[in-house]
Amino acid sequence: MNVLFRNASLCASRTLCDLAVVDGHIHFPQDSEDIRYDRVIEADGRIVFKGFADIHTHLDKALVADKVKNQSGTLEEAISIMGPYKASMSDEDIRERAEKVLQMCWQNGTRYIRTHVDVDRHIGVRSVQVLKQLKDEWADRIRLEIVAFPQEGIVEDHGNYLALEDALKAGADLIGGIPANEADPAEHIRMIFALAVKYDCDIDMHIDENDNPESLTILELARQTIENHYQGRVFAGHLCSLGSCDENTVSRVMHAVKQARIQIISLPSTNLYLEGRGDRTCVRRGIAPIKTIMDSYGIPTAIASDNIRDPFNPFGNGNPLQTALIAAHGCHMGGVHDLENLFYAVSETPMRMMGLDPVFREGDVCPVVMLDAVSAEEAIISQSKIIEF
């Protein structure tokens, strides 16, 4: 079907123009052309783009909050109670829950997802194999990347490390890590780099997911990134502890991050929910200082859903605009420029992190999504819906 969008606002290129899809390819029509369109949509300045990108989520754990109850709401309990359930999960259970979330994300305009998938000696690579099947089945709707994630640690459990390597052999796209949870964070990072270099894959780590200002494993990650010549190939998720640090420490960390060309992914919903639980007054929000990171350091920064209705976070609807709204509240980002940054943090920035071009170009074969909003500000504040066509 040939479709013409009249007067569309192309968010990635910040231009207002006509855009067409002709025989499945992007086309910018000229006045002299005579193309028969099956449908002409009057966009009237609404946002037309390639879709949202959720660059950090956990599809293998999603939607188990009603089965695995976290009574304290803490990260520690979430990890401890998820372990036994994870070992008992069937392939059908993983598949059913993950596919429900994919459907939720699709309906909210998400077309690109990176999911962390737990790998250890108990569950092995079964979750990776299930997600790889879904990746193939959903390829014409959502581009899915799989991160092999060692939630249970690797330094003191060689079986988990072997399972992590098996996951890369089984088709995981990236390797993850969680060094702050280990007795020897530097060794954890070293072991992850060894596998990443061996299999030539990028690294996406959970970094300093706590509110301890002295927990700065990000500095060791930056050091080893440069040591391994991995600049531009490493992603740091969370960085919660940075929200508890003074300005000088933030500056020191950001300069190290920038030198290593590490890209940052903040998870505002889960971090707001989990962090600051030990505070009795002046309760910390637990979110990385993304406004400062964006405005003062210009480091590529995305925001993402992280957990969707699991023991780590009982909330979530697979809606990137909801994630952006939570970040706007939690990070004091209500100005027009702030809201634009947050919109791009769930669309074009994570797309670029995934090696994709968010700009429509002549001849592209790509998703086309239209929002019922004429600006990023309106989209986030109004929680605009996508328009079906």
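The values are calculated or read from the model by the stated rules, or taken from the named source; none is laboratory data. In this text the structure is predicted, and so the values were computed from the model without any measurement. Because the Cβ atoms are built from the backbone with ideal geometry, glycine has one as well, and the counts that use them run over all protein chains shown.
Quick notes on this one:
- Every condition in (1) within 13 Å of the chain's Cα centre (by Cα); (2) modelled with pLDDT under 95; (3) aromatic (Phe, Trp, Tyr) is met by Phe312 except one, and the failing one is (1).
- Residue within the stretch 223-230 that is of a type in the set (Phe, Trp, Tyr), in contact (Cβ under 8 Å) with a residue 12 or more places away in the chain and out of contact with any Leu (no Cβ under 8 Å at 6 or more places or on another chain) present: yes
- Checking Ala186 against (1) in contact with a helix residue (DSSP H, G or I) (Cβ under 7 Å, 6 or more places away or on another chain); (2) on the phi > 0 side of the Ramachandran plot; (3) surrounded by fewer than 24 Cβ atoms within 10 Å (Cβ to Cβ), the condition it does not meet: (2)
- Scan of the stretch 243-263 for residues that are closer than 15 Å to Ile303 by Cβ and either without any contact (Cβ under 8 Å) to a residue 24 or more places away in the chain or touching a helix residue (DSSP H, G or I) at 6+ places or on another chain (Cβ under 6 Å) (or both), ordered by number: Gln263
- The stretch 248-277, residues that are over 16 Å from Cys331 (Cβ atoms) and surrounded by fewer than 21 Cβ atoms within 10 Å (Cβ to Cβ): Asn248, Thr249, Ser251, Arg252, His255, Ala256, Lys258, Gln259, Arg261, Arg277
- Screening Ala87, Ala78 for residues that are in a helix (DSSP H, G or I), outside the structural domain of Asp372 (by TED's automatic domain parsing), surrounded by fewer than 16 Cβ atoms within 10 Å (Cβ to Cβ) and not charged (D, E, K, R) leaves exactly one candidate, Ala87.
- For the stretch 1-23, the tally of residues that are at negative phi, of a type outside the set (A, V, I, L, M) and within 31 Å of the chain's Cα centre (by Cα) stands at 7.
- Taken together, the residues in the stretch 33-64 that are out of contact with any helix residue (DSSP H, G or I) (no Cβ under 7 Å at 6 or more places or on another chain), in a loop (DSSP other than H, G, I, E, B) and within 18 Å of Ser127 (Cα to Cα) amount to 1.
- Residue within the stretch 327-340 that is under 23 Å from Gln107 (Cα atoms), more than 13 Å from the chain's Cα centre (by Cα) and buried (at least 24 other Cβ atoms within 10 Å of the Cβ) present: yes
- Considering the stretch 191-208, the residues that are in a strand (DSSP E or B) and of a type outside the set (A, V, I, L, M) include one that is farthest from Val234 (Cα to Cα), namely His206.
Yes/no per residue for (1) among the aromatic types (Phe, Trp, Tyr); (2) surrounded by fewer than 20 Cβ atoms within 10 Å (Cβ to Cβ); (3) closer than 30 Å to Arg277 by Cβ:
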| residue | (1), (2), (3) |
| --- | --- |
| Asn317 | no, yes, yes |
| Leu342 | no, no, yes |
| Ser347 | no, no, no |
| Glu362 | no, yes, no |
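- Test: residue in the stretch 156-177 that is buried (at least 16 other Cβ atoms within 10 Å of the Cβ), at pLDDT 95 or above and farther than 23 Å from Arg126 by Cβ: no
- Residues (of a type outside the set (S, T, N, Q) and surrounded by fewer than 23 Cβ atoms within 10 Å (Cβ to Cβ)) located in the stretch 223-246: Arg223, Ile226, Glu227, His229, Tyr230, Gly232, Arg233, Cys245, Asp246
- Verdict on Asn271 being within 28 Å of Ile113 (Cβ to Cβ), assigned to a loop (DSSP other than H, G, I, E, B) and among the polar types (S, T, N, Q): no
- Of all the residues in the stretch 28-75, those that are surrounded by fewer than 16 Cβ atoms within 10 Å (Cβ to Cβ), closer than 30 Å to Ser266 by Cα and among the basic types (Lys, Arg) number 2.
- Positions within the stretch 16-32 being touching a strand residue (DSSP E or B) at 6+ places or on another chain (Cβ under 8 Å) and either assigned to a loop (DSSP other than H, G, I, E, B) or under 18 Å from Gly45 (Cβ atoms) (or both), in sequence order: Leu16, Cys17, Asp18, Leu19, Ala20, Phe28, Pro29
- Single residue of the stretch 278-315 satisfying the filter (small (Gly, Ala, Ser) and in contact (Cβ under 8 Å) with a residue 60 or more places away in the chain) that is surrounded by the fewest Cβ atoms within 10 Å (Cβ to Cβ): Gly278
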